[in-house]
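Worksheet: the structure to be examined is printed underneath.
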Amino acid sequence: MVSQAAYPPYGLAAVSFTGLSCYLIYNGLYFSAISVSQDTALRKTIRRSVTEQSKLLDSIGSAQLERELQGRILTVAKKTSDIMAEETGVEASMKEDDMKDYMELVIKELQSKR
């Protein structure tokens, strides 16, 4: 309870504002608690969204990287296969689909090591 000992010339005014000041203080504490709670929820939402987007960006980036690697590696593999066929006279048994399958296997192994 608030002390009723007020300075004499302002006693009645001080006592009359006691209820309003208590209401405003409690109201301020209530809205501060709500604000902190909403900020926490917003931060959690932002964190979750950023995590999901980074996973999406990682998958997009790795898919683009995988396509670039696939193109480069297939070109090198075809050139090497043609050179070997010219030198030995025997064509390689690996076709383009087999090369892609093997390359995907190697990429998966590399990703699992990360």
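The values are calculated or read from the model by the stated rules, or taken from the named source; none is laboratory data. Fair warning: this is a prediction, and the values are worked out from it, not measured in the lab. Don't worry about glycine lacking a Cβ; one is built from the backbone with ideal geometry, like all the others, and counts go over all protein chains shown.
Need the failing condition index for Leu110 against (1) at pLDDT 75 or above; (2) loosely packed, with under 10 Cβ neighbours inside 10 Å, just the number.
Unmet for Leu110, out of (1) at pLDDT 75 or above; (2) loosely packed, with under 10 Cβ neighbours inside 10 Å: (1).
Only residues in region 6-18 that are of a type in the set (Phe, Trp, Tyr) and part of a loop (DSSP other than H, G, I, E, B) count as the first member; pair them with residues that are surrounded by 10 or more Cβ atoms within 10 Å (Cβ to Cβ) and at pLDDT 70 or above, Cβ under 8 angstrom, at least 6 apart or cross-chain, and list the lot.
Here the result reads Tyr7/Ala14, each pair linking region 6-18 to a residue that is surrounded by 10 or more Cβ atoms within 10 Å (Cβ to Cβ) and at pLDDT 70 or above.
Please work out which residue is modelled with the lowest pLDDT, limiting yourself to region 73-93 and to residues that are of a type outside the set (A, V, I, L, M) and surrounded by 10 or more Cβ atoms within 10 Å (Cβ to Cβ).
If we take residues in region 73-93 being of a type outside the set (A, V, I, L, M) and surrounded by 10 or more Cβ atoms within 10 Å (Cβ to Cβ), then Glu91 is modelled with the lowest pLDDT.
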